[in-house]
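The values are calculated or read from the model by the stated rules, or taken from the named source; none is laboratory data. None of these values were measured; they are calculated from a predicted model. Cβ sites come from the backbone with ideal geometry, for glycine too, and all protein chains shown count toward neighbours. The area values use the complete protein model at the heavy-atom level, side chains included, leaving out ligands, DNA and RNA. Shrake-Rupley method; radii C 1.70, N 1.55, O 1.52, S 1.80 Å.
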Amino acid sequence: MRRMTESVELLIGLRYLLSRKRSGFVSFMSSISLLGVALGVAALITILSVMNGFESELRERLLSMSAHGAVFARQGQIQDWRPIEQATASATGVAAAAPYVEIEGMIRANSALQSVLVNGIDPSSEPDVSRSNLSLVAGEIGSLAAGEHNIILGRVLALRLGVIPGDDVILLVPRPTGRGDLQPVLQRFVVSGVFEAGLQDHDASLAIMHWVDASALLGANGGVTGVRFRAADVFDAPRIAAVLQESLGDRVRTTDWTIENASYFRAIKLEKMMMSLILTLVIAVAAFNIIASLVMVVTDKTTDIAILRTLGLAPGNVVKVFFIQGIVIGWIGVFLGVCLGIVLAINVPVIVPVLEHWLDFQIMPGDVYYMSAIPSELHAWDVAIIAVTAFALTGLATLYPARRAAHVNPAMALRYE
């Protein structure tokens, strides 16, 4: 008997939904509700996929000129750094490790003076450069030989200084004297290359030289700032850093890319959260349209509801009739939105150039931004969360009109019929 009742509820609900005798305005409202849910879901999936793409692009560019993690001295330089390098390189999950020297200073060429962050690297084993996505505009990393005083500059920094490979630059760095003060040191270097990492912070302020030359600038006699490592899995870097910190003790400190670049990814996370909230409100508004359309259906079907109640249909069964009707509208909208969103998210790199051509407008000009194409990265988890949230919103939207239908008084409804 229960199964028969449930089949009757499903049959009546679908009949009301597909009935050709429905008011044209009610049908229009139902269609608008379905379309609103579909567009809201599709927009949310597409926007989150684009933001995921930007996040991955930012992470790739940030890590193109920096390691996944590092072990460095709490103060000053590390003189006996080779055991630390061996311990880091042998740690589980580490793909490569190499020493580095980091110096802040000023660089001068012609009449231009710029601040600079110098990275002293080992070109033969440096995981930060030799295995990165670094794009050399001119020159080679191999030109960095110990004692030859060669330096490679970021593209923007080289433009500001007005230098090209082969030109001389003068580097001014502060050297600790051991008496608690600093001594300025001037050294001439030859520009042997220009690189482009695709990030303003790197291209406009970073310079690369051999770590031996950088160590000599500081008078460290072979000492280094620390040892950097590149993990086999970039997301495993925090665990590796924690393990190294525990094994090497308090004489050193460890860090990883999630700490060094926390502000960038915190900003993206906040933007994703706000966009998700705004577009979820769009879906909620579409769900409210479902309420309006079902309320009008209940008003239109008051006589039918009274007859069903007279024939013995319980109030709970009436609730199910209209709940099924609203759920079908919402779920079809969510399904269409998920399908449309997935198609759009996958084809964003194809769709955007077509729109730019039609509108004669470039969204991301190459002379303004480091990337001229909009990236997109579809995550199944995002799609699942969006679909479940939309299902829940559309389900909640059907409760009020369904309960209103259940409270129709059969005697009053049929009194003037």
If you take every residue apart from Ala345 with its C-beta less than 12 Å away from the C-beta of Ala345, what net charge results, scoring Lys and Arg +1 and Asp and Glu -1? -2
Which whole-Hz ³J(HN,Hα) couplings does the range 72-79 yield from phi under the Karplus relation 6.51 cos²θ - 1.76 cosθ + 1.60, θ = phi - 60°, glycine and proline marked x? 9, 6, 5, 7, x, 10, 9, 7
Among 338-350, 242-254, how do they line up from the highest to the lowest mean number of other beta-carbon atoms within 10 Å? 338-350, 242-254
Give me the 1.4 Å probe accessible area per residue for the range 222-286, excluding ligands and nucleic acids, in Å². 54 Å²
How much of Tyr264 can a 1.4 Å solvent probe reach, expressed as accessible area in Å² and rounded to 10? 80 Å²
Within a Cβ distance under 14 Å of Ala373, other residues only, what is the Lys/Arg minus Asp/Glu net charge? -3
Per residue of the range 225-240, what does 6.51 cos²θ - 1.76 cosθ + 1.60 with θ = phi - 60° give for ³J(HN,Hα)? Whole Hz please, x for Gly and Pro, Karplus curve as stated. 5, x, 10, 9, 9, 10, 8, 5, 10, 4, 7, 8, 4, x, 5, 4
